[in-house]
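A quick write-up on the structure given underneath.
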Amino acid sequence: MNRYLRNCRVLLVALLIPGTNELIAQEQVEPELVTNTFSWSQVINAQTVEVVPRKRSFGFMIQHRFGAITPDKQSYKQFLGLDLPANIRFGFQYAVSDRMHFEIGRSKNGKMIDLAAKARILRQTVDNTMPVSVTGFFDAGVMSDDFPTVGADNYFADGTTPFVYVFKHRMSYNTQVIVARRFNDVISLQAAGVAVYRNLVPLGASNLTIAIPISGRIKVTTKGSILFEYTPIVEGRSPNSQLNPASIAYELATLGHVFQIIVGTSAEIMEQRLYTSSALPYDKGHVLLGFNIARTLLVKPKKPR
């Protein structure tokens, strides 16, 4: 009987060990994820695939755009646009997980308050089993500025209903799918499909605007990078301009802190306004200066009980 029991135990162990080894092997082949495709949640104006990287952590940003620089003596009198009216946005982010954060912001132009959500869908892996990262973004903005005055002879698009402002006219929306790839330690590139919808537009303009921001980062030092953006407007372009928004920047990034010096073509920051308004005539030498400052406050994970 004892010999029989010993044989049963040996057989049971022999059956269990291969399965255990297989489970251990499955755990060990978890692919390594690519990190730091970009330094923070935006390239310059365009969203990146990045989110606040740790659950319960915070992000804070200041985005500032000065007045236009023109190719004449006025630029010197206006101190390269720094004396002119500027646009500024403050944003606050909170990570509900390692893959998703929420954001609230407030911009000067239009006195716009916006609420946004951003979530990772796919992550690029080191072994290229997943060659790209994909992130989704949604933002809803409400203009809190006073509506402009309209005359009694203004009508809706049907030409018969007298025009009256209502709250929904303050709302605009921005939906994006962003695809990026970090090719190596130097180059990261991305493209996004952006759909902007405004509830109220001027007569003859389109409620829907579709844009494809193309952007990238080229690292030139351990902490320094050159950034660029170019955004073709494929639908709903402003009738006052045929130029697409473009920007370049130099970025200094350290752990938790990013600073960018920008040369751009629009004072607008929010996509609902940036992609639906006219860019400066940069083909004639009109540009502007700006900067972005971002700070990430990482909260230590809770210790398991």
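The values are calculated or read from the model by the stated rules, or taken from the named source; none is laboratory data. Treat the numbers as computed from the prediction; the structure is a model and nothing was measured. Note that each Cβ is placed from the backbone with ideal geometry, even for glycine, and that neighbours are counted across all protein chains shown.
Just checking, which of SER238, SER225 is under 23 Å from the mean Cα position of the chain (by Cα) and at pLDDT 95 or above? Write out each step before concluding.
Details: SER238 fails: at pLDDT 95 or above.
Answer to the selection: SER225.
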Contact list, first residue from segment 79-91 and within 14 Å of ILE269 (Cα to Cα) and charged (D, E, K, R), second anywhere and assigned to a strand (DSSP E or B) and modelled with pLDDT of 90 or more, beta-carbon distance below 6 Å, six or more apart or interchain, is ARG89/GLN63; ARG89/GLY105; ARG89/SER107
Looking at (1) of a type in the set (Val, Ile, Thr); (2) within 20 Å of the chain's Cα centre (by Cα); (3) surrounded by fewer than 16 Cβ atoms within 10 Å (Cβ to Cβ), which is the only condition ILE233 fails?
(3)
Which members of segment 162-184 meet the condition of being assigned to a loop (DSSP other than H, G, I, E, B) and either at pLDDT 95 or above or more than 30 Å from ASP139 (Cβ to Cβ) (or both)?
PHE183, ASN184
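Among the listed residues VAL142, VAL196, VAL201, identify the single one that is part of a strand (DSSP E or B) and crowded, with 16+ Cβ neighbours inside 10 Å.
Values: VAL142 fails: crowded, with 16+ Cβ neighbours inside 10 Å; VAL201 fails: part of a strand (DSSP E or B).
Testing whether each residue is part of a strand (DSSP E or B) and crowded, with 16+ Cβ neighbours inside 10 Å leaves just VAL196.
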Within segment 283-301, the count of residues that are touching a residue at least 24 places away in the same chain (Cβ under 8 Å), loosely packed, with under 14 Cβ neighbours inside 10 Å and assigned to a loop (DSSP other than H, G, I, E, B) comes to 3
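Is it the case that GLU268 is touching a helix residue (DSSP H, G or I) at 6+ places or on another chain (Cβ under 8 Å) and at pLDDT 95 or above?
Working: touching a helix residue (DSSP H, G or I) at 6+ places or on another chain (Cβ under 8 Å): yes; at pLDDT 95 or above: yes.
Yes.
From the list LYS111, LYS168, LYS118, exactly one residue is loosely packed, with under 12 Cβ neighbours inside 10 Å and basic (Lys, Arg). Which is it?
Values: LYS111 fails: loosely packed, with under 12 Cβ neighbours inside 10 Å; LYS118 fails: loosely packed, with under 12 Cβ neighbours inside 10 Å.
After applying the criteria, what remains is LYS168.
For (1) surrounded by fewer than 19 Cβ atoms within 10 Å (Cβ to Cβ); (2) closer than 20 Å to ASP145 by Cα; (3) hydrophobic (A, V, I, L, M, F, W, C), each residue gets a yes or a no:
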position: GLN74; (1), (2), (3): yes, no, no
position: LYS77; (1), (2), (3): yes, no, no
position: VAL96; (1), (2), (3): yes, no, yes
position: GLU103; (1), (2), (3): no, no, no
Scan segment 85-92 and tell me whether some residue there is surrounded by fewer than 16 Cβ atoms within 10 Å (Cβ to Cβ), at pLDDT 95 or above and assigned to a strand (DSSP E or B).
yes
